[in-house]
Each structure stands twice: as structure tokens, then as C-alpha cells.
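Note sheet for the following structure.
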Amino acid sequence: MSNNTMNCGQVRRLLPPFLDEELSGRVREQIASHLASCPACRTELEALKADIGLLEQVDTPEVTPFLATRVMAEIRQRGEPAPHGLARLVGSLAAALVVAVSIGAGVFFGFDLTQASTTVAANSTEAAVSYVESSAAGMYSMMSGGD
């Protein structure tokens, strides 16, 4: 492989910024050249475009001005106090630790997280759209005062 060519793994990791036109000159040309000669990467690009198209079709519910008030009322009604002070700090530190350990494990074991996320996104688009739609419907119901 010469310095002017990219392999499939490199191209697939750069497809999102390629589609968003965030890449410049030489890198963009190398990707375009690879796509012209690689049917597998072209298929991956088309799948990514289709996923983006589906996500753009999902309607975003309108947020009412009193959403925060309703959410806080629901929290108070359930009787679960919001964490304060030390509890909030410990929770935040625990979450940060989980993220750091996960990233460290991925780096240590050599997992290609970008490829995994692209594969998961490509294979579960319908499930993701269904989840977003049901979440939006639930949020709309909560905002409108329904059960």
C-alpha cells in the first residue's frame, strides 16, 4: 500500500466526516478514489446515508414552556429526592470512572469502537427509529398531561 491509498478500515472510520464535508483536499480525494474502486465501502457509505435519512425523518416533538415544571412535579410526586452535595459528586465521579475504564479497555484490547458503532447503527436502524418514535410519543404524552 502506498502513502496515497487508504484501506477499507481507514475509509469506513472517515465516512461520517466525509459525508459532513469536514475533510479537506488530499484526504477527501483519497476517500473518493477508494470509494470509486471498492464496492464494499460504497455499500457502507450508502447504508450510512440511508441511516441519516431515516433519522432526519423522525419528527421532533414541540417542547412546551412548562416542561421543566412538569418534569420536576413528576419527580416530586414519585418521592425520589434529587441527589445533593456529596451524593451528586460521588455519582458523577462513578460515571466518569466507568467511561474512563471503558475507553481504556477499548484502547488496551484494540477494539475498533468506531467500526462497531457503525455496524450497530447500520444493523439496527429500524429499532433505533422505533425507539426514538416511542420516546417522542411518551414525552409528548407527558408534556400534554396524558398518562
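The values are calculated or read from the model by the stated rules, or taken from the named source; none is laboratory data. Only a predicted model underlies this, so the values are computations on that prediction, with no experimental measurement involved. Note that each Cβ is placed from the backbone with ideal geometry, even for glycine, and that neighbours are counted across all protein chains shown.
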| task | Considering only the range 22-101, give the helices (runs of 4 or more DSSP H) lying wholly within it that have at least 1 residues that are closer than 30 Å to Gln10 by Cα. | result | 25-37, 39-57
| request: Could you tell me whether any residue of the range 60-75 is at pLDDT below 80, under 21 Å from the mean Cα position of the chain (by Cα) and surrounded by fewer than 10 Cβ atoms within 10 Å (Cβ to Cβ)? | output: yes
| said: Restricting to the range 76-122, name every residue that is modelled with pLDDT under 75 and basic (Lys, Arg). | reply: Arg88
